[in-house]
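Comments concern the structure below.
The values are calculated or read from the model by the stated rules, or taken from the named source; none is laboratory data. As the structure is a prediction and not an experimental result, all values here were calculated from the model. Neighbour counts are summed over all protein chains in view; Cβ atoms, including those assigned to glycine, are modelled from backbone coordinates with ideal geometry.
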Amino acid sequence: MTDTADRRLRPFDRRLLRRVRAVRRVLAVDIAAGLAGTVLLLAQATLLATAVSVVVEPRGHAVAGLLATLAAVVVIRAGLAWTVEVSGRRAATTVMSELRRDLVALRLRPEDGGGRDAPTHEGANSEIVMSAVQGVDGLETYLARYLPQVVLAVTVPVAVLVWSAAVDLTSTLVMLVTLPVVPLFMVLIGRSAAARARANWEALLALSAHFLDVVRGLPTLRAFNRGRAQVTRIAETTDAYRRTTMGTLRLAFLSGLVLDFAATLSTALVAVTLGVRLVGGTLGLRPALTVLLLVPELYAPVRALGTLFHASADGLAATERMLGALDAGDTPREPTAAQPRLLPLVPPAPPVSLRGVTVTFAARSRAALAGVDLEVGPGELVAVLGPSGAGKTTLARVVLGLTQPETGAVEIDGMSPVTCGLDAWRRRLAWLPQHPCLLTAPISDNISLGRPHAGRTEVAEAAKRAGAHEFICRLAQGYDTVVGAGGVRLSPGEQRRVGLARALLRGAPVLVLDEPTAHVDRETARAIAMTLDRLRGTCSTLVITHDSDVAAVADRVVHLEGGCIRTPASGAAAGVAR
């Protein structure tokens with residue numbers, strides 16, 4: 001996601017105004033209603049002060065007429081407030097719909113990872129998902145309440161000062177001295193509140209992204225025996241979100257206390273000066289009451305703005321990230337191929353055998369695998385070809401122990417998952433799935449998922465063999481760049497290279513690869529095929545592929561169709577040229 005730290009969302013952000021017309025309409029309504037409400041506020045205070053002075057000091061004025069006019073002004077002000085809030089909520093609904101539509105379009109945008117026919121990126125950044133759900137909802141408070149209050153906070157104090165100056169200049173000077181105290185505290189606290197709101201939103205994104213990563217990557221984590229390790233990471237991320245949330249709430253309560261204290265103190269100072277002058281006979285009752293009624297209204301809009309700022313801070317923080325993403329977009333990078341280099345040899349490769357394996361799914365009318373018999377000799381490289389839906393991925397999942405066959409058995413070196421246990425079984429396996437899962441973590445940690453204690457040199461060697469080293473080096477932080485749902489978005493081809501590097505670094509005696517060259521350019525695909533060729537004899541490899549270059553380096557090519565093996569053939573019979 002694009003960093004928008006240098007483009008903070010302001011009350012009237014041009015990006016939001018430019019993107020959504022409904023914001024312009026609600027802003028126009030807010031300004032008009034704010035100006036009208038300000039005039040009515042001055043009229044209300046003046047009428048009330050006049051009515052009270054008439055009752056206390058009878059001068060022959062019709063009190064009933066004053067009270068009727070006052071009631072009409074109060075009703076009209078209430079109607080204006082209702083109109084502003086309703087128009088704001090309706091505009092918020094329109095804005096939220098448009099932003100969600102744009103975010104969904106960004107989420108579903110096809111990536112250009114390795115070819116024009118690459119499918120939609122399934123591991124899109126979860127920040128887009130969070131923004132489309134919770135982040136967009138935060139705009140309702142911003143448009144319905146915060147934006148109108150910004151208008152009032154600008155117009156009301158100016159109008160109150162001007163009207164008070166016409167009534168009593170001395171009180172106006174006192175208000176001018178005390179007025180900056182409230183905005184000063186609000187600015188000082190508001191800066192910290194904005195930073196806290198952004199930190200809270202980022203903590204929520206981190207929690208959401210990591211949880212999404214773990215759920216989406218459960219098969220990968222199980223295959224690499226790393227499921228339990230995520231419990232601690234989720235607990236740490238959850239605790240970080242708890243701390244930032246409590247910090248935000250503490251600051252919100254503190255700011256309310258400080259603003260109320262400053263406003264109350266300023267109001268009391270003006271009231272005391274008015275009272276002294278009223279008792280001394282230098283000021284009349286009507287102007288004193290008029291100013292006294294207007295003093296709270298001088299500070300009230302600014303105090304309310306501070307309160308609503310905290311209420312809408314999450315929406316503001318989310319919106320600045322959303323607009324940054326929508327404006328900048330995400331352009332995937334496609335690297336060139338890297339020359340493969342060999343890692344140290346893995347332990348002796350064991351044979352893998354499947355005998356009479358049958359797998360059926362309730363949603364399918366026919367078996368995904370029907371009595372499959374397959375042998376992968378020690379150190380042999382076997383390529384499995386077949387059309388989509390032939391059962392190739394199911395075959396890989398059976399070998400990995402992720403899918404249990406209804407009948408038949410799968411063995412590695414004469415041992416089955418039942419006899420040795422799934423954990424011990426999977427320690428002998430490395431896997432590249434069709435859609436590799438990347439956790440929200442540095443690229444180096446993603447590559448070393450199967451070998452957490454691997455050194456940086458080993459990680460880099462695996463990345464070079466997988467054709468990932470060059471594009472990783474071009475990233476801003478290299479191998480320390482955070483990827484996954486909560487970090488930098490990678491194209492499908494880049495994700496597949498990272499997944500292949502992870503499988504190679506694992507150093508397991510049995511390697512299962514599901515479409516290792518999908519969504520990569522031809523040069524990189526050939527480099528990966530050369531890497532697989534060099535693996536011959538170091539591990540027993542089962543490769544599911546449509547790539548002729550990969551099939552060409554295989555010792556044997558097996559054709560799977562309709563869940564059955566149709567044509568096993570030797571590499572020479574399949575036209576292999578090594």
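If we scan segment 449-457, do we find a residue that is of a type in the set (Lys, Arg), out of contact with any Lys or Arg (no Cβ under 8 Å at 6 or more places or on another chain) and modelled with pLDDT of 85 or more? Yes, that holds for at least one residue. Given Ala193, Ala203, Ala199, which one is at pLDDT below 70, part of a helix (DSSP H, G or I) and surrounded by 14 or more Cβ atoms within 10 Å (Cβ to Cβ)? From the options Ala193, Ala203, Ala199, the qualifying one is Ala193.
Taking the numbered list (1) in contact with a Leu (Cβ under 9 Å, 6 or more places away or on another chain); (2) modelled with pLDDT of 75 or more in turn, Ser131 passes all entries but (2).
Go through segment 249-281 and give me each residue that's touching a Phe, Trp or Tyr at 6+ places or on another chain (Cβ under 9 Å), within 17 Å of Leu173 (Cβ to Cβ) and of a type in the set (Val, Ile, Thr). Within segment 249-281, Thr267 is the sole residue that qualifies. Give me the residue from segment 276-301 that is small (Gly, Ala, Ser), farther than 20 Å from Val154 by Cα and modelled with pLDDT under 85 and, out of that set, nearest to the chain's Cα centre (by Cα). Across segment 276-301, the extreme among qualifying residues is Gly284. A single member of Gly562, Gly537 is surrounded by fewer than 17 Cβ atoms within 10 Å (Cβ to Cβ) and farther than 22 Å from Asp413 by Cα, and it is Gly562. Checking each residue in segment 440-467 for being crowded, with 23+ Cβ neighbours inside 10 Å and more than 25 Å from Leu542 (Cβ to Cβ) picks out Thr440, Ile443. Only one of the numbered conditions (1) surrounded by fewer than 20 Cβ atoms within 10 Å (Cβ to Cβ); (2) within 19 Å of Val543 (Cα to Cα) is violated by Ala396, and that is (1).
Rundown of residues vs (1) under 23 Å from Ala518 (Cβ atoms); (2) among the hydrophobic types (A, V, I, L, M, F, W, C); (3) not assigned by TED's automatic domain parsing to the domain that holds Pro492, yes/no style:
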site	(1), (2), (3)
Arg397	yes, no, no
Ile412	no, yes, no
Leu429	yes, yes, no
Gln434	yes, no, no
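With respect to the conditions (1) more than 36 Å from the chain's Cα centre (by Cα); (2) buried (at least 20 other Cβ atoms within 10 Å of the Cβ); (3) free of Cβ contacts under 8 Å to residues at least 60 places away in the same chain, Ala383 falls short on a single one, namely (3). Against the condition surrounded by 20 or more Cβ atoms within 10 Å (Cβ to Cβ), under 30 Å from Gly421 (Cα atoms), under 23 Å from the mean Cα position of the chain (by Cα) and at pLDDT below 80, how does Thr232 come out, does it pass? So Thr232 does not fit the description; no. Within segment 408-433, the set of residues being in a helix (DSSP H, G or I) and not hydrophobic (A, V, I, L, M, F, W, C) comprises Pro417, Thr419, Asp423, Arg426. Of all residues in segment 495-521, those satisfying the criterion of being over 19 Å from Val553 (Cα atoms), touching a Leu at 6+ places or on another chain (Cβ under 8 Å) and of a type outside the set (D, E, K, R) are Gln495, Val498, Gly499, Leu505, Gly507, Ala508. Given the structure, is Ala525 crowded, with 22+ Cβ neighbours inside 10 Å, at pLDDT below 85 and assigned to a helix (DSSP H, G or I)? Spelling it out, Ala525 is indeed crowded, with 22+ Cβ neighbours inside 10 Å, at pLDDT below 85 and assigned to a helix (DSSP H, G or I). Exactly one residue out of Arg502, Arg536, Arg496 is modelled with pLDDT of 85 or more, touching a strand residue (DSSP E or B) at 6+ places or on another chain (Cβ under 8 Å) and not aromatic (Phe, Trp, Tyr): that is Arg502.
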